[in-house]
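The values are calculated or read from the model by the stated rules, or taken from the named source; none is laboratory data. No experiment lies behind these values; they were computed from the predicted model shown. Every residue, glycine as well, gets a Cβ built from its backbone with ideal geometry; the counts of neighbours run over all protein chains shown. Only protein heavy atoms, including side chains, enter the accessible area calculation; ligands, DNA and RNA are left aside. Shrake-Rupley method; radii C 1.70, N 1.55, O 1.52, S 1.80 Å.
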Amino acid sequence: MERTVTIVPEDGLHARPASKFVETANEYDSEITVKPEGGDAVNAASMLAVTGLGAKSGDEVLLTADGPDEEDAIEAVAKVLTTPESEYE
């Protein structure tokens, strides 16, 4: 399962948004990856890999999920990336 989303949090995939994204990815059994345009896909459950992407607000990324809960997993991580940081719980 794949979905392309545009990163909304103003810090991109750094600091708090990256932490929330990785934490969410780790809640699922499916293997989840995130791939920036023109870059390589990395494990969404790895904080080091995710922050190393350098993805910024407004960038498009390709999310993929493969596993028993892939639909829920891709919905959850996509929601993190498309929600302004001020709306995080």
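Some notes on this structure:
- Complete set of residues in the stretch 1-48 that are of a type in the set (D, E, K, R) and touching a Ser or Thr at 6+ places or on another chain (Cβ under 6 Å): E2, E10
- First in the stretch 22-35 and among the small types (G, A, S), second anywhere and open to solvent by less than 10 Å² (accessible area, probe 1.4 Å), Cβ under 7 Å, 6 or more apart: A25/I32; A25/A44; A25/V77; S30/A65; S30/A73
- Flag set for E71, criterion: more than 13 Å from the chain's Cα centre (by Cα) and within 22 Å of M1 (Cβ to Cβ).
- Residue, farthest from the chain's Cα centre (by Cα), within the stretch 42-54, restricted to residues that are open to solvent by less than 40 Å² (accessible area, probe 1.4 Å) and under 16 Å from R3 (Cα atoms): V42
- Flag for G58 being open to solvent by less than 60 Å² (accessible area, probe 1.4 Å), out of contact with any Leu (no Cβ under 7 Å at 6 or more places or on another chain) and more than 25 Å from S86 (Cα to Cα): no
- Single unsatisfied condition, D66 versus (1) open to solvent by 80 Å² or more (accessible area, probe 1.4 Å); (2) within 18 Å of Y88 (Cα to Cα): (2)
- Residue count for the stretch 7-41, restricted to those that are in contact with a strand residue (DSSP E or B) (Cβ under 6 Å, 6 or more places away or on another chain), open to solvent by less than 70 Å² (accessible area, probe 1.4 Å) and either over 14 Å from I74 (Cα atoms) or modelled with pLDDT under 95 (or both): 2.
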